[in-house]
Every structure is written in structure tokens, then in C-alpha cells.
Amino acid sequence: MSFPVLGLNSPCFTNRTGHRWDLLMALYTPSHPYLLNTAFSHPQKPLQAPGGGSLPRLHTGCASFPNSTMFLKKRKEDKRRSYPQSQPQRDRQPVPRFPSRPNRVCQSRGHDRCSTAPGTVLEGRLQRRLWAHPAPLPLCQDPLPPGCPQGTRRQTVHEARPDLPPEAPHRHCGAGAEDEPVPLCITAPKMAAAALLLQRARSGGAKAVWRAQRRQRSTFDVVVVGAGIVGLASARELVSRHPSLAFAVLEKEQDLAHHQSGHNSGVIHSGIYYTPGSLKAKLCVEGAALCYEYCDQKGIPYKRCGKLIVAVEQDEIPRLKALYKRGLQNNVPGLKLIGTKEIQAKEPFCRGLMALDSPYTGIVNYKQVAQAYAAEFQEAGGTIFTDFEVTNMEMAKESSSESEDGLKYPVIVRNSKGEEIYCRHIVTCAGLYSDRLSEISGCSSEPRIVPFRGDYLVLKPEKSYMVKGNIYPVPNPRFPFLGFHFTPRMDGSVWLGPNAVLAFKREGYKLFDFNTGDFLDAVLYSGLWKLVLRNVSYGVNEMYRACFLSAQVKQLQKFIPEVTVNDVLRGPSGVRAQALDSDGNLVDDFVFDGGSGDIGSRILHVRNAPSPAATSSLAIAKMIADEVKQRFEL
């Protein structure tokens with residue numbers, strides 16, 4: 001029996017008086033390996049004999065833990081004596097209670113000059129929030145390197161850090177060593193803003209400083225409400241057309257493209273279904289071309305997998321031929337009618353009498369596209385505020401101290417937390433909440449947004465080989481939605497569906513999601529009941545299929561008979577913001593609105609951006625930018 005780790009001189013075998021125990025005496029008997037295991041696994045507990053036996057009381061320790069608990073206790077007591085608990089505090093003036101953040105610049109310089117600067121403590125705190133210094137150090141006179149903006153003032157490291165050698169490199173616009181990644185450049189506009197805010201601080205106190213500071217940080221020429229794919233595309237287009245103006249995007253969620261833009265099928269539509277000459281048809285065809293071009297420029301992956309609109313019954317063939325003529329009138333490229341053999345050549349498991357082949361249709365991850373819009377918007381100087389739920393929009397009340405800003409930025413956008421943003425104009429692309437934001441500014445309550453939930457099924461991965469491209473049914477003009485279809489995804493999965501049932505919550509993606517206000521808002525609207533009464537049988541069938549998986553699979557078997565209930569799983573859901581008028585008609589085109597009073601001339605509401613809004617996002621953005629320029633005279 002050997003113990004290579006423990007030795008006779010190990011502190012494991014030292015009693016309270018410091019004498020060493022003999023190895024055999026410490027182990028007591030060969031049947032007590034518990035001592036070794038406990039010493040290693042619980043090095044800070046005293047060893048105890050199993051079964052309540054009597055053993056010499058040892059202090060824990062081993063070859064891997066050279067310090068015994070006695071030594072650790074002694075060292076802790078010595079440290080406590082060296083550092084008394086009560087230390088004298090420096091006398092400080094009371095600091096006004098308004099938000100602040102740590103002064104990383106001053107901390108990196110190793111002093112606390114901001115809190116002990118000449119003048120009031122309030123001034124120091126204000127300058128700290130502006131990343132300025134109360135006593136500016138001498139500035140470097142070397143020429144600015146390429147890339148620094150005009151009006152940039154800078155200082156050397158050794159002037160701000162006496163502990164660094166004089167030959168230390170200069171810092172330009174935040175570039176420098178890794179140990180101090182903070183900007184030491186001060187631009188002229190920031191210096192002017194600091195002087196203005198300090199002047200207001202001396203005259204108005206903490207409340208005036210906080211108001212002035214918020215006004216300085218939160219003023220924009222145009223604010224876009226809603227960071228879905230349409231809102232982000234519009235913001236990107238606006239900032240590219242007007243680079244000299246300040247733009248911001250407000251989003252109530254923590255991330256971007258969180259609702260309709262992130263819960264759709266991901267299809268790049270070609271523009272077959274829409275009435276020739278309509279704005280919807282024009283924007284879809286143009287938007288699809290721009291979408292492919294944008295994805296190529298940004299390296300966003302997509303697949304041009306095509307689409308088959310399949311007729312499985314004789315009475316569907318005339319409607320299919322009418323769709324073909326409509327697609328040609330809309331200038332959809334590559335359209336052709338194919339027969340049964342050609343259908344099986346493209347989709348071996350699909351059965352049909354005739355199909356309309358659209359090779360121009362594709363798939364893409366629209367959330368990734370929206371994030372690319374956001375990145376481009378920010379690179380151009382735009383600002384995005386998340387977790388900013390807009391609850392009110394009103395004209396600013398001017399005062400003597402704020403008359404200049406009140407005239408320049410007369411609109412206040414307020415969120416649910418009481419935070420405010422001042423701007424000149426507002427564009428709302430709020431999707432599911434477009435009608436509620438419009439009513440805030442005095443617009444009509446119509447068209448009303450009624451949420452419809454669409455539940456998808458997912459083909460099991462081992463059965464995904466049965467679907468190569470999009471397979472769609474021939475739409476029935478008597479019903480408002482397209483029906484069940486097969487949609488491949490960029491991740492290799494295949495979605496089946498969706499159905500269309502009334503959602504009891506505007507963002508209710510689950511069957512039992514419920515919101516009292518959203519529910520009453522929908523069921524008390526006369527337009528919904530008129531729509532329901534015209535489509536009673538369709539609505540009952542949709543609700544039945546939503547409850548029973550076999551009923552949904554039966555619809556899918558019309559196109560691929562090999563699909564069974566065992567081949568599918570319940571998948572994700574999406575909520576569609578369907579605009580309805582008071583007569584129960586689906587609003588099938590774009591609706592723009594302003595408002596009443598002074599604020600109405602400064603707001604543009606995108607009341608309805610119907611499907612395929614994701615496909616048409618870049619084309620819609622151009623139209624919105626034209627409308628903004630015309631209405632606001634930017």
C-alpha cells in the first residue's frame with residue numbers, strides 16, 4: 001500500500017500543537033482510506049472517522065494545499081489588523097440625484113479630478129457624463145493623421161498619464177494601446193455642447209442640466225418607429241438620401257425584426273398573384289430584383305429554388321391559366337405552364353394535373369436581411385433605440401429656456417418608461433400596432449389591424465428529401481388566404497402550412513396566448529364580423545385543422561400523398577397584421593396617413609404594408625422616402 005502524494009512531513013499530519021504524527025498512526029488502520037479521500041475532496045473540513053470512531057483531530061491539508069487552516073486564520077487576522085474597518089471619508093458636497101455613468105477617462109488617468117474640480121460638484125458630474133475634463137490639458141500640435149474628422153482636438157498620452165514615458169504614442173480619435181481603449185479626442189461640437197450645458201447648469205440647477213442633457217443626446221431630424229424589415233429598410237433609404245440629417249429608429253423589443261419580419265416563411269415572391277398595374281404587383285416585382293441584388297452585394301445566402309403552383313382538380317385549371325396571364329402582365333420572368341411529367345421531373349413526390357412554374361421565386365432568412373439593413377443604417381450615422389415602446393407623440397411646449405430647441409425639434413416621442421426623444425418628423429412602420437399609433441396622432445381608427453395566427457408544421461428531417469422547392473396550391477378567390485403550401489428553409493428544414501385563425505393577442509404565437517385588450521379590440525369591431533359571416537365555412541375548417549393534426553396532413557396529401565401524420569411535427573407560428581375596413585374587406589394595398597392638428601403635418605403613418613412586404617422592402621423603402629420628401633420637404 002503506497003501513498004505517493006502524502007509524506008511524513010506533510011502538514012496533513014500536524015496536530016494543534018504543531019507536532020508531527022507518524023504516518024501509520026495518522027492513517028490508524030489500512031481500512032481507513034476515507035482519510036485520504038476527505039483530505040483531497042474537502043480540504044477545508046476537519047477529518048472525521050466513519051461511523052463515529054475516534055481518531056486524532058487533524059487539520060486539513062496535503063501536498064497540494066501547503067497552508068493549514070491555522071495559518072490561514074492567522075493571516076486573515078493579520079490582514080484585518082492592517083486594514084481598519086473604519087476609514088476617514090473625504091468631505092464631499094451633496095451630489096444632485098440624476099443619472100450618471102462611470103468616468104472611464106478619469107479612472108484610466110489615475111485621479112478623481114472630476115469630483116473635486118474647481119466650482120460645484122454638479123459641473124464635474126456633468127463634464128464627466130460628456131467625457132470631457134474639467135481642466136483641459138495641453139493639446140498636441142502634431143498634424144492630424146488621415147481619417148480624423150475636421151475640428152478634432154487631441155492630446156498626448158504622457159500629458160494625461162504622467163506615469164507613461166514621454167515618447168509614448170499619440171491617441172487619435174480613440175485609437176491607442178489596448179490597456180486604455182477610451183477616446184481622448186474631443187471634437188469641437190462636443191466642446192460647444194459641454195459649454196452650453198455647463199451654462200445651463202449654473203443657471204437652472206440639476207433639473208435643468210438633466211433636461212438639457214437629454215435634449216442634447218436625443219434630438220433627431222426624423223424618427224422611424226418600428227424596427228421591422230420595412231422600418232429598417234426605410235431608415236436605411238432615408239439616411240442614404242439625406243446624409244446631413246440625424247435619423248433614429250425606435251423599437252419596443254430588445255432585438256430587431258422580432259415579430260412579422262422574423263416569423264414568416266422566408267419566400268422571395270415573384271409577383272404572380274397580384275392585380276396587374278397595382279402598386280402591390282409593381283413593388284413586388286421590383287422588390288424581388290432588388291432583394292437578390294442586395295443579397296449578392298452583402299453576401300447574404302439565399303436559394304432560388306423556384307415555385308410550383310399546382311392544380312390537383314379540374315376546376316382549378318382555368319384559375320391556374322388566369323394566374324399565368326396575370327404573371328405575364330406583371331412582367332414576372334421565366335413563367336411557364338407545365339404538365340404532369342414535368343411536375344414530377346421537378347418535384348418527384350408531387351402529384352398534379354398542371355402547374356405554373358416560377359423559377360424566379362426563392363428563399364432567404366429575412367431576419368438576416370433586416371439585420372444587414374440595420375448595420376448599414378448605423379454605419380451611415382443612424383441611431384437605433386431598442387426597448388423603447390412608444391406610447392405618446394405630441395408637440396413640445398416651448399419655454400423661455402428651451403424656445404430654440406422647441407422650435408427646431410417640436411415633436412416629442414415618449415415611451416412607456418417616461419423617456420423622451422425630440423424630433424422634427426416621425427415615420428411609423430409599426431406593423432401589428434400601426435392603427436394604435438395612428439390614433440395617438442388623431443388619425444382615423446380605420447383600417448383596423450386584426451391579428452391572424454398562422455401555425456406551421458415541420459417535416460421531419462429524414463423526410464425533407466420529398467420537397468425540393470416551394471409547392472403552392474391554386475388560390476381560391478372566394479377565400480382570403482392562400483392555403484397550405486410546402487416551403488423549404490435556408491437551414492434545410494421544410495415548413496408545411498400555415499393555417500389562418502384569429503389570434504387572441506397581437507403578439508400571440510401560441511394557442512393559448514390571450515390579451516383582454518387585443519381580444520376585445522378585435523371581436524368588437526364590426527368589420528371582423530362581416531368578414532366572418534362571409535367566410536363561415538372557411539373559418540370553421542381552419543379552426544378544425546388547427547386543433548387536429550390529421551386534418552392538416554389531409555390537405556398536404558393532395559400534393560404529396562406519401563406524407564403521413566408520423567412524418568410531421570408541430571412547428572413555429574407567425575401573426576399576420578391584417579388590415580380590415582368597416583365593411584369587412586381585406587385592405588390589400590398600401591395605406592399612408594398623417595394626422596390632425598399641428599402634429600399631423602409632421603407624421604407619416606404606414607398604416608398597411610401587406611404581404612409580400614418582406615420581398616418588397618427595398619422598393620417600399622424608396623416609395624416611403626419619396627413620400628417623406630414630399631410631405632416634409634426635407
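The values are calculated or read from the model by the stated rules, or taken from the named source; none is laboratory data. Here the structure is a predicted model, which is why all the values come from computation and not from measurement. As a convention, Cβ positions derive from the backbone with ideal geometry for all residues, glycine included, and neighbour counts pool all protein chains shown. These accessible areas exclude ligands, DNA and RNA; they are computed on the full protein's heavy atoms, side chains included. Shrake-Rupley method; radii C 1.70, N 1.55, O 1.52, S 1.80 Å.
For Phe512 and Val312, the difference between the fully extended length at 0.36 nm per residue and the C-alpha to C-alpha distance is 68.5 nm. Largest first, the residues Trp495, Trp529 sort by 1.4 Å accessible area into Trp529, Trp495.
Take the solvent-accessible surface of the protein heavy atoms, probe 1.4 Å, and return the percent of it on the stretch 302-392 that carbon and sulfur atoms account for. Answer for the stretch 302-392: carbon and sulfur cover 47 percent of the accessible area.
Between the C-alpha center of the stretch 459-532 and that of the stretch 278-305 there is a gap of 23 Å.
Could you let me know the centre-to-centre spacing of the stretch 589-606 and the stretch 554-581, using Cα atoms, in angstrom? For the stretch 589-606 versus the stretch 554-581, the Cα centre distance is 37 Å.
Surface composition of the stretch 503-581: carbon and sulfur atoms hold 64% of the protein heavy-atom accessible area at a 1.4 Å probe. What residues of the stretch 351-383 lie in the reach of a label at Ala322, counting those whose backbone N is under 20 Å from a point 7 Å from the Cα along Cα→Cβ? Under cut-off, by backbone N: 353-358. The 3J(HN,Hα) values that the Karplus relation (6.51, -1.76, 1.60; θ = phi - 60°) gives for the stretch 325-332 are, in residue order, 5, 5, x, 5, 5, 8, 6, 6 Hz. Gly and Pro appear as x.
Length gained on full extension, Asp598 to Trp529, computed as 0.36 nm times the residue gap minus the Cα-Cα distance: 21.3 nm. When you count the other C-beta atoms within 10 angstrom of each residue and take the mean per peptide, 454-464, 310-320 line up highest first as 454-464, 310-320. For Cys295, the accessible area of its heavy atoms, probed at 1.4 Å with every protein chain present, is near 0 square angstrom. Three principal axis extents of the stretch 223-305 based on alpha-carbon atoms, in descending order, are 38, 27, 26 Å.
The stretch 317-451 gives an Rg/Rh value of 1.22, both radii derived from C-alpha positions and Rh following Kirkwood. Note on Lys397 and Gln344: with the Förster distance fixed at 45 Å, the Cβ-Cβ geometry gives a FRET efficiency of about 0.05. When its C-alpha radius of gyration is set against 2.2 N^0.38 Å (N residues), the stretch 489-630 gives a value of 1.32. Among the listed pairs Lys463/Lys505; Lys282/Lys629; Lys303/Lys325; Lys505/Lys629; Lys505/Lys622; Lys460/Lys554, those with a Cα-Cα distance over 24 Å are Lys463/Lys505; Lys303/Lys325; Lys505/Lys629; Lys505/Lys622. Considering only protein heavy atoms, what is the solvent-accessible area of Glu389 at a probe of 1.4 Å, reported in Å² to the nearest 10? The value for Glu389 is about 90 Å².
For the pair Phe548 and Leu482, label points projected 7 Å from Cα toward Cβ lie 2.7 nm apart.
In the context of the full set of protein chains, the stretch 435-562 has a per residue accessible area of 46 Å² (1.4 Å probe). Taking 0.36 nm per residue of separation and subtracting the Cα-Cα distance, full extension of the segment from Lys303 to Asp491 would add 66.6 nm.
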